[in-house]
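The values are calculated or read from the model by the stated rules, or taken from the named source; none is laboratory data. Every value quoted in this text rests on a predicted model; they were computed, and no experiment measured them. Counting neighbours? That spans all protein chains shown, and the Cβs are built from the backbone with ideal geometry, glycine included. These area figures cover heavy atoms from the full protein model, side chains too; ligands, DNA and RNA do not enter into them. Shrake-Rupley method; radii C 1.70, N 1.55, O 1.52, S 1.80 Å.
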Amino acid sequence: VPVDGSHWLSMREVLDMLQQKGHEVVVVAPEVSLHIKPSKSFTMKMYPVSFTQEEMKKDFKAFAQVPFEEGSFLQRFFKVLDGMKRISYYQISGCEQLLQNKELIRYLEESKF
């Protein structure tokens, strides 16, 4: 179960190599993601989440801009803290919604994921 961002970009190479060596690779990911996209190298099992692609992109873009903004250290610190809370929401919410998805959990259990 990948985490979007740099973790996924690093993991992607490993998944490609596993597939080349004959392993069946299944990736479980939320329908809304920045970098996790379907590929011929693996099977995707996606699940719905309560946030949109636009919301997530907006929050990630705003977070990335904070270091370039003007203001005191304290002002920027609190903006970074707020941005981290927003970004963490996507990860936590995505995990919660995965665990609440009975159909997907049943599939994972039955396939001995």
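To make sure I understand the rule: partners must be lysines, Cα under 22 Å from the Cα of residue 21, and not fewer than 8 residues away in the same chain. Which ones qualify?
Partners found: 37, 40, 45, 112.
Taking only C-alpha pairs under 8 Å that are 6+ residues apart, what is the relative contact order of the chain in percent?
Reported relative contact order: 21 percent.
Roughly how many debye, to the nearest 20, is the charge dipole of the chain about its Cα centre, given +1 on each Lys and Arg Cβ, -1 on each Asp and Glu Cβ, and no other charges?
Using only the charged Cβ atoms, the result is roughly 100 debye.
List every residue whose amide H lies under 5 Å from the amide H of residue 32, counting only residues 5 or more places away in sequence or on a different chain, with H placed 1.01 Å from N in the peptide plane.
Correct list: 49.
Helix-only estimate, please: 222 nm mean residue ellipticity of the chain, summing -39500 (n - 2.57) across DSSP H runs of length 4 or more and dividing by its residues, to the nearest 500.
Calculated at 222 nm, the ellipticity per residue is -19000 deg cm²/dmol.
If you roll a 1.4 Å probe over the chain with all protein chains in place, what percent of the accessible area is carbon or sulfur?
Of all accessible area on the chain, carbon and sulfur atoms account for 58 percent.
Longest segment of the chain with no trypsin sites (Lys or Arg not before Pro) in a DSSP loop having at most 14 other Cβ atoms within 10 Å?
With trypsin sites (Lys or Arg not before Pro) excluded where exposed in loops, the chain gives 41-111 as its longest stretch.
Excluding ligands, DNA and RNA, what is the solvent-accessible area per residue of the chain at a probe of 1.4 Å, expressed in Å²?
With all protein chains present, the chain gives 73 Å² per residue.
With no solvent and one equal point scatterer per Cα, compute the Debye intensity ratio I(q)/I(0) for the chain at 0.17 Å⁻¹ and report its log10, rounded to two decimals.
-0.89
How much length is gained on full extension from residue 100 to residue 75, taking 0.36 nm per residue of separation minus their Cα-Cα distance?
5.3 nm
With only Lys, Arg, Asp and Glu charged, each at its Cβ (+1 for the first two, -1 for the last two), find how big the charge dipole of segment 46-111 is about the Cα centre; round to the nearest 20 debye.
The dipole magnitude comes to about 200 debye.
Each residue of segment 7-14 in order: what ³J(HN,Hα) in whole Hz does its phi give by Karplus 6.51 cos²θ - 1.76 cosθ + 1.60, θ = phi - 60°, with x for Gly and Pro?
Result, rounded to whole Hz: 4, 5, 4, 6, 5, 4, 5, 5.
Using only Cα atoms and rounding to the nearest 10 degrees, what angle (0 to 90) does helix 53-65 make with the longest principal axis of the chain?
The helix 53-65 is inclined about 50 degrees to the chain.
Which residue, 100, 36, 52, has the largest displacement toward the positive end of the dipole of segment 24-113 when charges sit on each Cβ (Lys, Arg +1; Asp, Glu -1)?
Toward the positive end, the furthest listed residue is 36.
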